[in-house]
There are 2 protein chains.
Amino acid sequence: MADDVREALEQMIVTGEFADGERLDENRLADRFHVSRTPLREAFQMLAASGLVELLPRRGAFVRHPAFHEMVEMFEVMAELEAVCGRLAARRVTPEVLARIRATVIACEAAVAAGDTDGYYRENEHFHQLIYTASGNDFLAAEARRLHKRLQPFRRMQLRVRGRMLQSLTEHRQILTALEAGDSTGAEATLRDHVAVQGAKFNDLMASYKQSNLRANPQPVALRG
Amino acid sequence: MADDVREALEQMIVTGEFADGERLDENRLADRFHVSRTPLREAFQMLAASGLVELLPRRGAFVRHPAFHEMVEMFEVMAELEAVCGRLAARRVTPEVLARIRATVIACEAAVAAGDTDGYYRENEHFHQLIYTASGNDFLAAEARRLHKRLQPFRRMQLRVRGRMLQSLTEHRQILTALEAGDSTGAEATLRDHVAVQGAKFNDLMASYKQSNLRANPQPVALRG
DNA sequence: GTCAAACTTTTTGTATACAAGATTTCGATT
DNA sequence: AATCGAAATCTTGTATACAAAAAGTTTGAC
């Protein structure tokens with residue numbers, strides 16, 4: 001029950017239903033979800049653990065959208081984590097996982113050919129999840145998945161850009177080639193560039209950030225109404 | 001209050017007062033700490049968020065010590081995170097932070113000269129915290145600190161080994177040199193090797209793991225009393 | 001003696017009650 | 001009219017109450 005509430009709130013937050021710094025009203029939300037404050041507060045704590053809200057003692061739970069520079073920092077870490085996954089995967093990937101990666105690349109090609117953006121998005125997700133698995137380090141994979149999930153709402157912004165899908169596919173192919181060749185340096189570099197927000201991607205991301213409703217409020221949380 | 005309880009439980013867990021898989025009894029602990037179950041359960045959730053306990057629905061909170069292979073995986077990630085910090089720091093470190101890193105290396109030298117293990121441990125902590133800061137990426141620094149803290153009880157095992165302190169100091173010097181030279185590749189490689197558990201360090205760690213009371217129970221959590 | 005089903009006891013999860021801290025309102029003062 | 005402070009109101013944090021699920025125990029059949 002507490003987990004259902006967390007799920008619902010998480011959805012509401014990442015779809016921008018709350019402004020940055022907005023306080024989550026325990027009584028109002030308890031009414032809304034037909035639960036008492038107890039499971040609601042549990043949900044708040046879970047959201048705080050994943051960084052979606054900030055808990056200020058005796059003040060309440062405040063939703064926290066990342067500032068642009070924080071988003072860039074998170075993407076930088078994501079790029080490095082995936083680069084590490086790639087480097088390790090080049091040495092450790094099992095034939096089974098490699099085959100599944102190959103399959104997603106083929107599915108991605110099909111999606112591009114069909115102009116199926118949603119399909120591409122889905123297969124792209126699989127591709128990255130498999131890279132994490134391929135690292136052979138479950139802890140690394142779990143950390144990568146955690147950050148990947150956290151960045152999901154912002155990644156959505158990115159992939160709609162024209163031509164991005166095709167470029168992404170090309171990079172997937174290069175990554176696959178590197179993994180097949182056991183080329184750890186190549187896999188690392190290609191994955192880093194694939195995920196990193198730089199060059200044109202930086203500007204695209206900035207543009208969509210400014211349009212989104214997941215923008216941070218420049219005022220510090222503690223001083224807001 | 002909930003946070004005090006979390007603090008206390010965290011201490012008890014990392015000092016091995018509970019066996020792996022042991023259930024944390026809400027009523028008993030509520031009595032022990034003179035609090036009600038409400039803040040206690042909050043503490044459980046926080047501990048679950050940092051991976052120290054596992055929450056099984058309708059079953060309770062079970063302490064979770066990492067298996068040896070999980071510990072190795074965590075150290076591998078730590079090594080990679082610090083390597084990234086080092087690479088970025090070589091390009092981004094500010095003169096102020098660099099000066100403070102230099103100071104810790106000098107303090108480490110003094111500690112080695114005096115045979116002051118505790119002093120070395122303290123300065124070593126500062127050194128690594130500063131490396132995180134030097135990365136210029138606050139999110140990366142926060143993630144590195146989180147994992148660093150999680151590994152603290154296991155790192156304690158490591159540094160007592162004879163000769164380790166001197167080798168560690170030598171590596172600190174090399175890292176500092178690389179940072180001063182703006183040598184990102186050097187800083188990255190040196191830091192990775194410094195933190196990585198490999199060669200003799202692997203065997204040392206395994207030996208102390210086996211002796212510690214933070215060992216995992218081979219039986220899966222769900223099947224334990 | 002073993003197994004299983006029914007019953008009893010614990011234990012968890014949620015709701016509610018209440019006290020202490022934060023916020024707002026409103027009036028008095030400059 | 002603006003500002004400060006006290007009273008009133010709201011909100012959070014903790015304790016307690018209660019229902020439902022899990023664990024443990026007893027009883028009965030074979």
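When B:Gly119 is tested against the conditions (1) under 18 Å from the mean Cα position of the chain (by Cα); (2) away from every other protein chain (no Cβ under 14 Å); (3) open to solvent by 30 Å² or more (accessible area, probe 1.4 Å), the lone failure is (3). The residues listed here are A:Leu179, A:Leu166; of these, the one that is out of contact with any Gly (no Cβ under 7 Å at 6 or more places or on another chain), open to solvent by less than 30 Å² (accessible area, probe 1.4 Å) and assigned by TED's automatic domain parsing to the domain that holds A:Lys201 is A:Leu179. Among the residues of region A:53-73 satisfying the criterion of being of a type in the set (A, V, I, L, M) and open to solvent by 20 Å² or more (accessible area, probe 1.4 Å), which is farthest from DNA strand C (Cβ to nearest atom)? Per the criteria, the residue is A:Val72.
Mind counting the residues in region B:89-111 that are within 15 Å of B:Ala189 (Cα to Cα) and within 12 Å of chain A (Cβ to nearest Cβ)?
The qualifying residues number 0.
Within region A:114-130, residues that are assigned by TED's automatic domain parsing to the domain that holds A:Arg145 have Cβ atoms under 7 Å from residues that are at pLDDT 95 or above and outside any helix (DSSP H, G or I) in no pair, counting only partners at least 6 apart in sequence or on another chain. Annotation for region B:75-88: at least one member residue is open to solvent by 10 Å² or more (accessible area, probe 1.4 Å), more than 28 Å from B:Arg215 (Cβ to Cβ) and more than 20 Å from the chain's Cα centre (by Cα). In region A:2-22, the qualifying residues are those that are free of Cβ contacts under 8 Å to residues at least 40 places away in the same chain and within 11 Å of DNA strand C (Cβ to nearest atom), and the one that is most open to solvent (accessible area, probe 1.4 Å) is A:Asp4. The set of residues in region A:23-44 that are under 24 Å from B:Leu55 (Cβ atoms) and either open to solvent by 30 Å² or more (accessible area, probe 1.4 Å) or touching a Phe, Trp or Tyr at 6+ places or on another chain (Cβ under 6 Å) (or both) comprises A:Glu26, A:Phe33, A:His34, A:Ser36, A:Arg37, A:Thr38, A:Arg41, A:Glu42. Among the conditions (1) over 15 Å from B:Met78 (Cβ atoms); (2) crowded, with 17+ Cβ neighbours inside 10 Å, the only one that B:Glu143 does not satisfy is (1). From the list A:Gly163, A:Gly199, A:Gly182, A:Gly186, the lone residue that is touching a residue at least 60 places away in the same chain (Cβ under 8 Å) and at positive phi is A:Gly182. Per the conditions (1) without any contact (Cβ under 8 Å) to a residue 60 or more places away in the chain; (2) closer than 22 Å to A:Met74 by Cα, the sole criterion not satisfied by A:Arg32 is (2). Among the residues of region A:69-88, is there at least one that is away from every other protein chain (no Cβ under 14 Å) and modelled with pLDDT of 95 or more? No, every residue in region A:69-88 fails to be away from every other protein chain (no Cβ under 14 Å) and modelled with pLDDT of 95 or more.
The values are calculated or read from the model by the stated rules, or taken from the named source; none is laboratory data. It should be emphasised that the depicted structure is a prediction, and the values quoted were computed from it without experimental measurement. Virtual Cβ from ideal backbone geometry, glycine too; neighbours counted across all protein chains shown. Areas reflect the complete protein model, heavy atoms only, side chains present, ligands, DNA and RNA absent. Shrake-Rupley method; radii C 1.70, N 1.55, O 1.52, S 1.80 Å.
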